[in-house]
């Protein structure tokens, strides 16, 4: 434990604290930093514009998370149910596409979905003559792109607890007369809640900070909150306000994650009771 | 799981088929474009290997690819080790403060750009030489948090009394870890490592800021993003195709090797 | 994990932390010349040719955007870098932050190749800290075979006719996005008056409904495929579309354009300043500079280089032949100081609008 905590302290806590402290200072006229203590940056954070952008990106990230968790859980379940020898192979093939590159994967989606793209050409080839469907540059396209790119993380996170599910546990439950739905709901799901929670966190945090997908698949019509922090640091060169925005974002996200973690812990606590019930 | 009804089995195979189709449709496009004669992905203009030929002569892309592999492998190894130990430490104790919990979540939620700028400022303050080594330590920061999350998910229901029993029976801590804890968490450790590697090879902002001022530490994402302005050539598609093909061959070989070893 | 005494634990933690920090800190060695540029923005063998010509070895590294390289230079003080290619407003900021080295004109005799106009650019009169590498305009790039009427005004983009609805794109980079609205309204592209900026914002928000996308990377392939019929574009990028499809044409709207300038600057932290000036001098050589014009299809501010361009090349890309006197009539994007905050906020509001 100590090495990991030391690593985080030396290479995250200390450096980030140095930068985030800048939130208490002011941007110099040319983008440098004027060292007069002020709280005005925190006041600016409460602009309704930023709340709106946060809510919108939380909504997009949340929807992507929901969809990715459902698909990813189903896939992880199916992998965990496959013959043991094949499981690592399936896992490998689930992550392999993501060793290409984010940008060219996204371009591949554009080639498929754009108005003159492969899908439209396919439709025309089978005789469709109407106006081509517009699938790109919409909220749906952004969500689909996020689901696609972060799906393997849900599969990996859910597979971890699913793979240890003892098949006999389910059999015992069935032997005792429980329906498969009850078995799933009472035994399997609670045991795997920690995995689902971890996977959901991955998709949510990675989505809310993503800026390639909204820019390319969303046609720049949407921006995620992470992008706003990025703009302050790099476009405006306003590190103090960027730091204040980052602190606000980190605080909100920490609250969400702590709540999630407590929920997962409680669900896991329930599990032990449920398992006791099944064993008896 | 032979006990499953044929209906359930069919449903599970259907899920796998659909998910893998979803994952591989854009990959098929990506691979096809690497063989497309034209540079712009607007139309198919004939089969060609010219992008593979020009890739072979593009030392910038090739060295960036190699750097990405080095960063990915080393940072994944360190992060998997540290993240797993952290997960065990945290879950074994069960009682830990909110502060510790926040510290473990933080690397995942700190905006990339903040970590990137913070590390660069910090490193230059300390006069650290920037290079692949700084990218690696930076990637370990967020990767260890992701590995830790996956392993913790697996440990949530772990019965720690087995560990105590093993210790009571006189097993050393290392033996206990190897014989008792590790077998239970191994799938999670593997999953965490795959996740860390996948994150590392695609990471751009932090790598850009913590890279040294030289080709020696340019990674593939840095190279590819810089190509946006004048057009990304299908050479990148060719490289991605090769990477995926080599990975599949490596997996096949290791599977065969495994079977032979087990067979003996 | 066995240590239970918290004091012991924390001291161990901090000593490991210190160890990691120390292990990484070795003094930097003086390296070869390091030039940071966008990928593909100069000849692939430029550095080799430079070595052959001068005996100085160096390497080219790449950056994706002005913003990112500037963030990196600001955070690190520019250590390790010698020559940087950035757009002029960013060069201006680097200079104001004290990160650039004054140009030593005695060491760059090829400055004489620059058009006189290129030595008097408002962002840096007399090339005191930056040397222009390419320059051009921002206008409308369109499919002459598919639009009903050739565009003549920014209004044709911002308030498109029915056949163009959902078939136009605008640049996503903040300054150029705003410039389209500022020029349409007849304002300066560096306007900072809040009331005028609010007008620009409203105009651009209403224009958003008719857009296909904001795009500053793939817009020319959208034109080639016919997915978009008219896009806001930098002249050089429109040329990439023209190269693929001759029906694509470029026009500067009647309200005007900005004059964008990409420049080379030398870092104050550079340990190879003489080599850096030699490199800039090398790039300003007529033959080398003409490479940029002919291969990246951007105008360069180098008189002999431009005069060496073949006639068929100029015929293919008419905007390459634009007279310098016309070009410098347009206003440059300048650093707007604290108003940059307002600009960023307006762009956020536009992007967040429904």
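Determine whether the stretch A:27-35 contains at least one residue that is touching a helix residue (DSSP H, G or I) at 6+ places or on another chain (Cβ under 7 Å) and modelled with pLDDT of 90 or more. Write out each step before concluding.
Going residue by residue through the stretch A:27-35, those that are touching a helix residue (DSSP H, G or I) at 6+ places or on another chain (Cβ under 7 Å) are A:27, A:30-31, A:33.
Next cut, modelled with pLDDT of 90 or more only: none.
No: the stretch A:27-35 contains no residue that is touching a helix residue (DSSP H, G or I) at 6+ places or on another chain (Cβ under 7 Å) and modelled with pLDDT of 90 or more.
Do we have residue B:44 as surrounded by fewer than 17 Cβ atoms within 10 Å (Cβ to Cβ), in contact with a strand residue (DSSP E or B) (Cβ under 8 Å, 6 or more places away or on another chain), over 19 Å from residue B:202 (Cα atoms) and within 14 Å of chain A (Cβ to nearest Cβ) here? Can you show your working first?
Working: surrounded by fewer than 17 Cβ atoms within 10 Å (Cβ to Cβ): yes; in contact with a strand residue (DSSP E or B) (Cβ under 8 Å, 6 or more places away or on another chain): yes; over 19 Å from residue B:202 (Cα atoms): yes; within 14 Å of chain A (Cβ to nearest Cβ): yes.
Yes.
Look at residue B:249 and say whether it is more than 10 Å from every other protein chain (Cβ to nearest Cβ), outside any loop (DSSP other than H, G, I, E, B) and at pLDDT below 85.
Criteria not met by residue B:249.
Among (1) farther than 29 Å from residue A:213 by Cβ; (2) touching a residue at least 60 places away in the same chain (Cβ under 8 Å), where does residue C:185 come up short?
Of the numbered conditions (1) farther than 29 Å from residue A:213 by Cβ; (2) touching a residue at least 60 places away in the same chain (Cβ under 8 Å), the odd one out for residue C:185 is (2).
Any idea how many residues of the stretch C:179-213 are facing another protein chain (nearest Cβ under 8 Å) and out of contact with any helix residue (DSSP H, G or I) (no Cβ under 7 Å at 6 or more places or on another chain)? Write out each step before concluding.
Here is the first cut: in the stretch C:179-213, the ones facing another protein chain (nearest Cβ under 8 Å) are C:208, C:211-213.
Pick out the ones that are also out of contact with any helix residue (DSSP H, G or I) (no Cβ under 7 Å at 6 or more places or on another chain) and you get C:211-213.
Residues in the stretch C:179-213 being facing another protein chain (nearest Cβ under 8 Å) and out of contact with any helix residue (DSSP H, G or I) (no Cβ under 7 Å at 6 or more places or on another chain): 3 in total.
What number goes with the only condition from (1) surrounded by fewer than 22 Cβ atoms within 10 Å (Cβ to Cβ); (2) assigned to a helix (DSSP H, G or I) that residue A:151 does not pass?
Condition not satisfied by residue A:151: (1).
Do we find that residue B:208 is within 30 Å of residue B:127 (Cα to Cα) and either out of contact with any helix residue (DSSP H, G or I) (no Cβ under 8 Å at 6 or more places or on another chain) or in contact (Cβ under 8 Å) with a residue 60 or more places away in the chain (or both) in this structure? Before you say what the answer is, go through the steps one by one.
Working: within 30 Å of residue B:127 (Cα to Cα): yes; either out of contact with any helix residue (DSSP H, G or I) (no Cβ under 8 Å at 6 or more places or on another chain) or in contact (Cβ under 8 Å) with a residue 60 or more places away in the chain (or both): yes.
Answer is yes for this residue.
Among B:167, B:102, B:153, which is the only one that is at the interface with chain A (Cβ under 7 Å from one of its Cβ atoms) and surrounded by fewer than 24 Cβ atoms within 10 Å (Cβ to Cβ)? Please lay out each step first, then the result.
Numbers: B:167 fails: at the interface with chain A (Cβ under 7 Å from one of its Cβ atoms); B:153 fails: surrounded by fewer than 24 Cβ atoms within 10 Å (Cβ to Cβ).
B:102 is the lone residue from the list that is at the interface with chain A (Cβ under 7 Å from one of its Cβ atoms) and surrounded by fewer than 24 Cβ atoms within 10 Å (Cβ to Cβ).
Mind listing whichever residues of the stretch B:154-184 are assigned to a helix (DSSP H, G or I) and either in contact with a strand residue (DSSP E or B) (Cβ under 6 Å, 6 or more places away or on another chain) or over 16 Å from residue B:85 (Cβ atoms) (or both)? Talk me through it step by step, then tell me what you get.
Of all residues in the stretch B:154-184, those assigned to a helix (DSSP H, G or I) come to B:154-155, B:161-168, B:173-184.
Result: B:161, B:162, B:164, B:165, B:166, B:167, B:168, B:175, B:179, B:183.
How many of the residues in the stretch A:173-189 are touching a helix residue (DSSP H, G or I) at 6+ places or on another chain (Cβ under 6 Å) and in contact (Cβ under 8 Å) with a residue 60 or more places away in the chain?
Here the count works out to 3.
Taking the options A:213, A:192, name whichever one is facing another protein chain (nearest Cβ under 9 Å) and in contact (Cβ under 8 Å) with a residue 60 or more places away in the chain.
Details: A:213 fails: facing another protein chain (nearest Cβ under 9 Å).
Residue meeting the stated conditions: A:192.
Looking at the stretch C:207-242, which of its residues are in contact (Cβ under 8 Å) with a residue 60 or more places away in the chain and over 21 Å from the mean Cα position of the chain (by Cα)? Please lay out each step first, then the result.
Keep residues of the stretch C:207-242 that are in contact (Cβ under 8 Å) with a residue 60 or more places away in the chain, which gives C:208, C:214, C:219-220, C:223, C:226-239, C:241-242.
Those that are in contact (Cβ under 8 Å) with a residue 60 or more places away in the chain and over 21 Å from the mean Cα position of the chain (by Cα): C:208, C:223, C:226, C:227, C:228, C:229, C:230.
Results for (1) touching a residue at least 60 places away in the same chain (Cβ under 8 Å); (2) more than 30 Å from residue C:353 (Cα to Cα); (3) surrounded by 17 or more Cβ atoms within 10 Å (Cβ to Cβ), shown as yes or no for each residue.
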position	(1), (2), (3)
A:25	yes, yes, yes
A:33	yes, yes, no
A:54	yes, no, yes
A:57	yes, no, yes
A:60	yes, no, yes
A:68	yes, no, yes
A:74	no, yes, yes
A:84	no, yes, no
A:94	yes, yes, yes
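List the helices (runs of 4 or more DSSP H) that sit entirely inside the stretch A:1-71 and contain at least 1 residues that are in contact with a strand residue (DSSP E or B) (Cβ under 8 Å, 6 or more places away or on another chain). Quick ask: steps written out before the conclusion?
Values: elements: A:2-8, A:14-20, A:40-45.
So the answer is A:40-45.
Across the stretch B:228-246, what is the total count of residues that are modelled with pLDDT of 90 or more and facing another protein chain (nearest Cβ under 7 Å)? Step through it out loud before you land on a result.
Taking the stretch B:228-246 and keeping what is modelled with pLDDT of 90 or more, we get B:234-246.
Right, trim to facing another protein chain (nearest Cβ under 7 Å) and you get B:236-237, B:240, B:243-244.
Of the residues in the stretch B:228-246, 5 are modelled with pLDDT of 90 or more and facing another protein chain (nearest Cβ under 7 Å).
Does the stretch C:333-354 hold any residues that are buried (at least 20 other Cβ atoms within 10 Å of the Cβ) and not in a helix (DSSP H, G or I), and which are they?
C:333, C:335
Pick out the one residue from B:113, B:70 that is crowded, with 24+ Cβ neighbours inside 10 Å and assigned to a helix (DSSP H, G or I). I'd like the intermediate steps shown before the answer.
Details: B:70 fails: crowded, with 24+ Cβ neighbours inside 10 Å.
Only one candidate qualifies: B:113.
The values are calculated or read from the model by the stated rules, or taken from the named source; none is laboratory data. Computed from a predicted structure; not experimentally measured. Note: ideal-geometry Cβ built from the backbone for every residue, glycine included; neighbour counts use all protein chains shown.
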